[in-house]
Structures are given as C-alpha cells and as structure tokens.
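What follows is one structure encoded as structure tokens, with my remarks underneath.
The values are calculated or read from the model by the stated rules, or taken from the named source; none is laboratory data. Worth saying up front: this structure is predicted, and the values here are computed from it rather than measured. Every residue, glycine as well, gets a Cβ built from its backbone with ideal geometry; the counts of neighbours run over all protein chains shown.
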Amino acid sequence: MDQQASARREGEGIRRMVEEQRYQSEQLANDLRERARQQWTDAIKGAFALPAAAALSMAARTLYMGAFIERGLGLFQRSTEAVKGGLESASREIREAEEQQRRTESGSAGQRPRTESGGVSTGQTFQKSQP
C-alpha cells in the first residue's frame, strides 16, 4: 500500500513536470509565431529578412506539431492509466470473490446437508416397499 502511494506521488510529480514542459513549448511556439509575423512584415519591407522569416515560421510549425503530439500522448497516457486502475480494481474484486468462495466451501465441507424438513441428511436413500 505504501509503495503504491509512493509510486502514485512520483507519477503525479512527473505528470506535473510534463504538463509544465508542454506549457512552455506552447508559449515558445507562440513567441516564435509572433516573431515570424514580425519577420514577415520585415520581409515585405526588405528581401534580406525573408530567410529568417521562413526559418522562424518553420520552427513555429514544428513546435506546434510537437506540442500537439505531446498533448495527444498525455491524453493517451491518462486514459491507459485509467484503464489500468479499472483492471486492477476488477482483478482485486475477482480475487476477493474467489477467496470468499473458498472460505464458504471450506466452512461448509464439514457440515451435512439439510433435508427439506430441516433435519440432517444421513446420505442414505430409502425406497418404498411395494405390496
């Protein structure tokens, strides 16, 4: 139980760190886009800024794609963790049910079955004699 809590805390810390990196990547992409826009404006004014504008635009697109992929992978990770938790819960319930069934079977193994009238069955059957 303690190891699970420790692993859960470690996972939360990693998740926060990844979220922060995603946010920083998106911010950097926004900054690069703005710089690219400025460079394009400069490119219109002068042909020398054209290579810088193209490079910044390509960098911004690449970072946007990377941030988009990171977001998708984060969603996938969270959904697989949710499925894992559900499977672990179901597995635990099955084991508990099996254990309960074993206890029930072992507890009733030493008892004789009861008859319909409430008496204890001896396991013998009697036949009516025919006249």
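Summary table
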quantity: Counted residues, the stretch 63-91 - those being of a type outside the set (Asp, Glu), closer than 16 Å to residue 27 by Cβ and touching a residue at least 40 places away in the same chain (Cβ under 8 Å); calculated: 3
quantity: Which numbered condition residue 80 fails, given (1) within 29 Å of the chain's Cα centre (by Cα); (2) surrounded by 11 or more Cβ atoms within 10 Å (Cβ to Cβ); (3) at pLDDT 90 or above; calculated: (2)
quantity: Residue in the stretch 104-113 that is charged (D, E, K, R), more than 30 Å from residue 14 (Cα to Cα) and at pLDDT below 90 present; calculated: yes
quantity: Residue among 1, 65 that alone is at pLDDT below 90 and out of contact with any Gly (no Cβ under 8 Å at 6 or more places or on another chain); calculated: 1
